[in-house]
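What follows is a short report on a single structure.
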Ligand SMILES: [Zn+2]
């Protein structure tokens, strides 16, 4: 007598909101994705196997019951996957993402240099190195408890990443707006408080102390200056102005 074969594991998934755009699997007209698994699999792996990093998922239902990422799929569950919605009316305990971390420390991947500069210009502590390897990034993220910003989905899918965000736009100003929305930063913007080049906190300095570094017109029209104690860069209101596009100025309320 042959042994009865194991029951097949054939869950179905449905993604909601802007998560649909991230799905790398073909989606049928009824928006259902069918999967066939050879062994019990965590819902995190099932979702990420469809191309959607766990950092982008705020709420999961398995057969209408809220579950977390560790939930094991063992049968034919219907999985519903929801993105982060500011207005989603579900209990905090069932949400999988932190809407606003206590410490707003960011870490931008090598592919997001412009976004890193914009975040610093807005006053947010943002670590960035243009030649960091993936393992250096993960190490720094863990050590300094930073929010990972990257367009590398595989990096976001790592278990070590607790809070992260995948900017959807190619445009750095739109990426900044996305990050402001995701982490509710609009009331925390403090332009000209941080060095765009190195992330140092700017200090107010007297005009006399930086006089020899100023162009004639800057000397004439500006009296308030700050300087980065780490790299020496001098700033004044308007020091970025002619280099910023108007959308970014509006976003930062400059
Ligand atoms: Zn600096």
Volume in Å³ per residue [convex hull over Cα atoms, computed for segment 141-254]: 131 Å³
Residues 170, 29, 58 arranged by fewest to most Cβ contacts within 10 Å: 29, 170, 58
How big is D for segment 1-142, in µm² s⁻¹ as a whole number, if Stokes-Einstein is applied with the Kirkwood radius of its Cα pairs at 10 °C and 1.306 mPa s? 90 µm²/s
Could you tell me the calculated FRET efficiency between residue 193 and residue 154, based on Cβ-Cβ distance and R0 = 25 angstrom, to the nearest 0.05? 0.15
Percent of C-alpha pairs per 5 Å bin, segment 95-208, short to long: 2, 12, 23, 25, 20, 10, 4, 2, 1, 0, 0
Report the label-to-label distance for residue 16 and residue 76 in nanometres (one decimal), using points 7 Å from each Cα along the Cα→Cβ vector. 2.4 nm
Using alpha carbons only, how many degrees (0 to 90, rounded to 10) separate the axis of helix 134-144 from the longest principal axis of the chain? 70 degrees
Tell me, what is the percent relative contact order of the chain, built from C-alpha pairs under 8 Å that lie six or more residues apart? 15 percent
Roughly what would the spin-label model give for residue 130 and residue 32, points 7 Å off Cα along C-beta, in nm? 5.1 nm
Suppose R0 equals 35 Å; then what is the FRET efficiency for residue 184 and residue 239 from their Cβ-Cβ distance, rounded to the nearest 0.05? 0.80
For segment 12-94, build the convex hull from the C-alpha positions and give me its volume per residue in Å³. 96 Å³
Convex hull projection area averaged over all views, the chain, Cα basis, nm²: 17.8 nm²
Nearest 10, in degrees from 0 to 90: the angle of helix 172-182 to the longest Cα principal axis of the chain is 60 degrees
Using a 10 Å cut-off around each Cβ, can you sort 201, 211, 157, 141 from fewest to most neighbouring Cβ atoms? 211, 201, 157, 141
Simple spin-label estimate for residue 7 and residue 211 in nanometres, 7 Å along Cα-Cβ: 8.5 nm
The alpha-carbon center of segment 204-254 and that of segment 97-148 are separated, in whole Å, by 24 Å
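Read-outs: derived from the displayed coordinates by stated rules, not from any lab. In this text the structure is predicted, and so the values were computed from the model without any measurement. Please note: Cβ atoms are built from the backbone with ideal geometry, for glycine as well, and neighbour counts cover all protein chains shown.
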